Amino acid sequence: MLYPLLTIYYILFAVLAWRRLPWAVLLIIATLPSYLIRFTVGPIPMTLLEGMVIIVFLVWVIQRFSSRQTRTISRHGSIQVFFERSEAKSRSLPVLLFLAAATISMFIAPDL
């Protein structure tokens with residue numbers, strides 16, 4: 001009974017992500033406790049939240065690198081601001097510092 005409901009949910013979520021990507025991201029934030037819903041896809045254990053993040057990432061990659069994305073960016077001003085190169089540079093230093101801290105903490109952790 002769980003798998004048909006998950007399939008329907010993921011299809012509807014993918015449609016939402018394709019039409020309104022910012023809304024899909026907000027839905028992920030609103031449903032953060034959905035990491036408690038666990039299931040397996042073949043031998044891979046997953047949660048509902050992981051599936052939503054994977055769908056949003058795939059939709060973003062497809063829209064970002066398709067030829068249609070240039071028209072979408074020019075039509076929606078908020079998405080254009082999000083993908084500007086100057087703002088991406090301003091976000092890169094904190095991300096790199098966070099990744100460096102995570103890597104260092106992984107190697108000095110007492111319990112591997």
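Read-outs throughout are calculated quantities, based only on the coordinates presented, and are distinct from any laboratory measurement. Being a predicted model, the structure only gives us computed values, none of them experimental.
Data overview
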item: Other-chain or far-sequence residues with amide H under 5 Å of residue 46's (modelled H); result: 39, 40, 41
item: Calculated from backbone phi, Karplus (6.51, -1.76, 1.60) coupling profile of segment 9-22 in Hz, x at Gly/Pro; result: 4, 5, 5, 5, 5, 5, 5, 4, 5, 5, 7, 9, 4, x
item: Karplus 3J(HN,Hα) series, Hz, for segment 60-65 with 6.51 cos²θ - 1.76 cosθ + 1.60 (x for Gly, Pro); result: 4, 4, 5, 5, 5, 9
